[in-house]
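See below for the structure under consideration.
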Amino acid sequence: MAEFDPNHDDSDLPDLADRDDIVWFLEQNDIPLPDRLTVEKIKSRGSWWAINEESFSFRIERHPSGSFFATSPGGRGMPTPARWHVRKQYTYDHTTGEWDVREQMREFHFDPGLLVDAEFERLPKKEIWDKAIARAEDADDPEDVLNEQLAATEDMYRSAFTTVPEEHLDEMLAVLEREFRRRAGIDLD
């Protein structure tokens with residue numbers, strides 16, 4: 001595999017006319033890729049391709065989901081209850097051998113129904129919530145159990161979702177509090 005030669009002659013560059021040419025070019029040459037970018041990701045998720053004589057570019061969208069897994073215990077793919085939607089534009093200048101990476105969009109979304117399902121219906125978290133609900137149902141002051149469980153959950157969420165805006169974390173925790181109250185028979189405030 002050939003490394004980028006800063007003294008190259010532009011006439012030595014291959015004719016890159018489409019996505020397949022670029023994938024081939026990246027596979028055949030020892031071109032360092034930006035952090036966490038692989039040729040496989042480019043193949044599977046690259047879109048909005050733009051190709052000219054000096055450079056090529058494409059977009060990749062990712063959906064990082066923090067501590068939530070994208071599959072159910074049965075192995076079937078399921079959407080995650082909370083995730084980022086991140087779009088980046090990657091541009092490679094083949095005359096200089098440099099990459100330019102620009103984040104075009106970053107949004108956080110969560111689905112309250114999927115969040116409740118992930119927390120209260122899927123193992124191992126289901127067992128934790130079930131035990132806390134049982135303790136609340138038997139407690140003299142169920143609010144104490146609720147506050148204890150929510151404090152532990154809040155700590156976990158704040159450490160798992162460090163870059164999530166505060167208002168989204170508060171909304172997620174409010175959904176979990178309402179569901180705990182409903183399941184434990186505690187008055188909804």
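Laboratory data are not the source of any read-out in this text; all were calculated from the coordinates shown. Values in this document were obtained by computation on a predicted structure and should not be read as measured data. Neighbour counts are summed over all protein chains in view; Cβ atoms, including those assigned to glycine, are modelled from backbone coordinates with ideal geometry.
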Once the convex hull of the C-alpha atoms of region 110-182 is built, how many Å³ does it hold per residue, rounded to a whole number? 79 Å³
So what is the relative contact order of region 110-182, in percent, for Cα pairs below 8 Å that sit 6 or more residues apart? 35 percent
For Lys125, counting only aspartates and glutamates whose alpha-carbon sits under 12 Å away and dropping same-chain residues fewer than eight positions off, the answer is Asp117
Pull out the extension gain between Asp144 and Ile51, defined as 0.36 nm times the separation in residues minus the alpha carbon to alpha carbon distance; nm, one decimal. 27.4 nm
Any idea which of Phe120, Ala136, His168 is furthest toward the positive side of the dipole for region 111-189, if Lys and Arg beta-carbons carry +1 and Asp and Glu beta-carbons -1? Phe120
Given a Förster distance of 41 angstrom, what is the FRET efficiency for Asn29 paired with Ala160, based on the Cβ-Cβ distance and rounded to 0.05? 0.60
Report the calculated FRET efficiency for Arg178 and Arg87 (r = Cβ-Cβ distance, R0 = 25 Å), to the nearest 0.05. 0.20
Full extension from Asp21 to Glu103: what is 0.36 nm times the residue separation minus their Cα-Cα distance, to one decimal in nm? 27.1 nm
What FRET efficiency would be calculated for the residue pair Leu123, Arg62, taking the C-beta separation as r and a Förster radius of 22 Å, to the nearest 0.05? 0.20
Lysines within cross-link reach of Lys41: Cα-Cα under 25 Å, excluding same-chain residues under 8 positions apart? Lys88
Net charge near Lys41, counting Lys/Arg +1 and Asp/Glu -1 over other residues with Cβ under 14 Å of its Cβ? +4
